[in-house]
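Heads up: the structure comes next, in structure tokens.
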Amino acid sequence: MKQEFKIVICGGGSTYTPGIVKDLLQEKALRIKELWLYDIDKERQDKVALIVREVIKSICPTLAFHVSTVPGEALLDADFIMAQMRVGKLEMRVRDEKIALKHGCIGQETCGAGGMAYGMRTIYPMVELIDLCEKYATKDYWIVNYSNPAAIVAKATQKLRPHARILNICDMPVEIEARMAEILGVSIEDLETDYFGLNHYGWFTKVRCKGEDVTEQLKNHVSEHGYLSKASYDDALVRDPDWLHTFQNAGKIMRLFPDYLPNTYWQYYLLGDDILSDSDIENTRGLQVIQNREKKVLKAAWQLEQGHEINLEQFYVGIHGKFIVSVVKALAYDTRSRQLVIVPNQGIIKNLPEDAMVEVPAYLTSRGPEPIRIGSIPSFYKGLMEQQNACEELLVEAAIEGSYSKALQAFTMNRTIPSANIAKEILDEMIEANKEYWPELK
């Protein structure tokens, strides 16, 4: 087994890259031979790379670090490719949000119409990345994909490149686990959770803390306070009003459906009227990110270009980097770490289709995930998941076949869109907005 690895961050120009690099370097058990950033946008990646160099200088100044826009260079002999694509960048996210909101539907990055538009943009670039890795990377490469929307990307790559060495993940369940740990006053490493769902569409069924079942304790707290505690108000993520509202909304979902602890993304599917009443088409989440996180990164890059020092701590927010690194470490060293990942169902959830891409706990080995079997799930949750799975299935088939009819069926089936009339209006506008990115639909 190799002990040192070449790691490539694909989508190196992401504003999240400095924080992920920090977590990579602080994980001393993961030995990195070379770290590369790879992106098709040279100008943007070069700016982010200025900040990354400062992160490396502060933690591991001897690391071999490279920046490239040439796939044959960046991916050559790569062991791990950490994929965080944003096809169309934030500008297309804002267009998605505004089109949906204009028609009285939720404008969100990965759920509803926006998620489907983003998925259609991302499917073929992800397939291209797989093909490049097959050509240039080591034979045992792993793509750890956290490009959104992970559910659609996972389903598409399973169909188009079923033998690819790709593991799709999402950090939201782990972020919720971090909130649970704060509520209980423990470390996240003390928790073990049982969970089932599709990506952004799942439920925690049991939570254990140091082996003790604390599920009912958490249910009672979340019903009253959401995923919030006194400690969580000191967290930079919770200080964001949108995230604060999101964690509060979990309480309402818990009171309505008390069987299981919800993934926060259920607010878009179950509390759509509440979400729409708080939405502003002139101040969408995408616009907020451009005005805040994006502007912060560009300002820091400019300061470094001028020879000034910057505060790196401003880029170290959230737990997603630690989660991604823990997945890479498990695949690298065969640790059998238990993580929540997205895998083909294949009987894991007995009463869902075999080819559904489900999000469940799995033990991660150097050969890939060994998922934990869930058994059958109750009718309410099964019905919700079957509808969403069919929506995603139709969308992927629309992209592969170039089928307008199947795209319309997918948009019509999504819970966030109330009628076929509105689905058609949104789809037609999104086809026009995405003509540079989508496959042609006939």
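The values are calculated or read from the model by the stated rules, or taken from the named source; none is laboratory data. In this text, all values refer to a predicted model and were calculated from it rather than measured experimentally. For neighbour counting, all protein chains shown are included, and Cβ atoms are generated from backbone atoms with ideal geometry for every residue, glycine included. The accessibility values were calculated without ligands, DNA or RNA, using every heavy atom of the protein model including side chains. Shrake-Rupley method; radii C 1.70, N 1.55, O 1.52, S 1.80 Å.
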Exercise for review: Could you work out the local net charge near VAL327, counting Lys and Arg as +1, Asp and Glu as -1, over the other residues with Cβ closer than 12 Å to its Cβ?
Suggested key: 0
Exercise for review: Just add up the charged neighbours of ASP194: K/R +1, D/E -1, any other residue whose Cβ is under 9 Å from the Cβ of ASP194.
Suggested key: +1
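Could you give the length gained by full extension between SER337 and GLU282, i.e. 0.36 nm per residue of separation minus their alpha carbon distance, to one decimal place?
On the way: separation 55, 0.36 × 55 = 19.80 nm, distance 4.35 nm.
Between SER337 and GLU282, full extension yields 15.4 nm more.
What is the gain in length, in nm to one decimal, between ASP428 and ASP273 on full extension, counting 0.36 nm per residue of separation less the C-alpha to C-alpha distance?
Values: separation 155, 0.36 × 155 = 55.80 nm, distance 2.37 nm.
Here the segment from ASP428 to ASP273 would lengthen by 53.4 nm.
So, with +1 on the Cβ of K and R and -1 on the Cβ of D and E, and no other charges, what is the size of the charge dipole of the stretch 1-103 about its Cα centre, to the nearest 20 debye?
Here the size comes out at about 280 debye.
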Exercise for review: Choose one answer from TRP203, TRP36, TRP302: the residue with the largest mean-square fluctuation in a GNM of the chain with alpha-carbon springs under 10 Å.
Suggested key: TRP302
Practice item. Would you mind telling me which residue in GLY307, GLY347, GLY197 has the biggest mean-square fluctuation in a Gaussian network model of the chain, where springs connect alpha carbons within a distance under 10 angstrom? Key: GLY307
Review point. Loop-only check: which trypsin sites (Lys or Arg not before Pro) in the stretch 69-141 are DSSP coil with at most 11 other Cβ within 10 angstrom?
Key: LYS139
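Evaluate the chain: find the radius of gyration of its Cα atoms, find its Kirkwood radius, and give the ratio Rg to Rh.
Ratio of gyration radius to Kirkwood radius for the chain: 0.94.
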Check your understanding: Points 7 angstrom from Cα along the Cβ direction at GLN306 and GLN248: gap in nanometres?
Key -> 3.7
Review point. Hey, what's the stretch 112-166 come to in accessible area per residue, 1.4 Å probe, Å²?
Key: 32
**Study point:** Contour excess over end-to-end distance, with Cα ends at TYR404 and ARG373 and 0.36 nm allotted per residue
**Key:** 7.5 nm
Check your understanding: Can you give the longest stretch of the chain with no exposed loop site, where a site means GluC sites (Glu not before Pro) in a DSSP loop (not H, G, I, E or B) with at most 12 other C-beta atoms within 10 Å?
Key -> 5-281
Review point. Quick one: which of 247-253, 372-378 comes out on top by average Cβ neighbours within 10 Å, and what's the full order, highest first?
Key: 247-253, 372-378
Study note, to complete from the structure: What helix-only [θ] at 222 nm does the chain give? Using -39500 (n - 2.57) per DSSP H run of at least 4, over all residues, to the nearest 500, the answer is -15000 deg cm²/dmol
Check your understanding: Tally Lys/Arg at +1 and Asp/Glu at -1 over every other residue whose Cβ is under 14 Å from the Cβ of LEU340; what's the total?
Key -> -4
Check your understanding: What Kirkwood hydrodynamic radius, in Å, does the stretch 379-423 give when the mean of 1/r is taken over all pairs of distinct Cα atoms and then inverted?
Key -> 10.6
Practice item. Report the relative contact order of the chain, percent, no decimals, based on alpha-carbon pairs under 8 angstrom and at least 6 residues apart. Key: 17
Study note, to complete from the structure: The percentage of the accessible area of the chain (probe 1.4 Å, all protein chains present) made up of carbon and sulfur atoms, to the nearest whole number, is 48
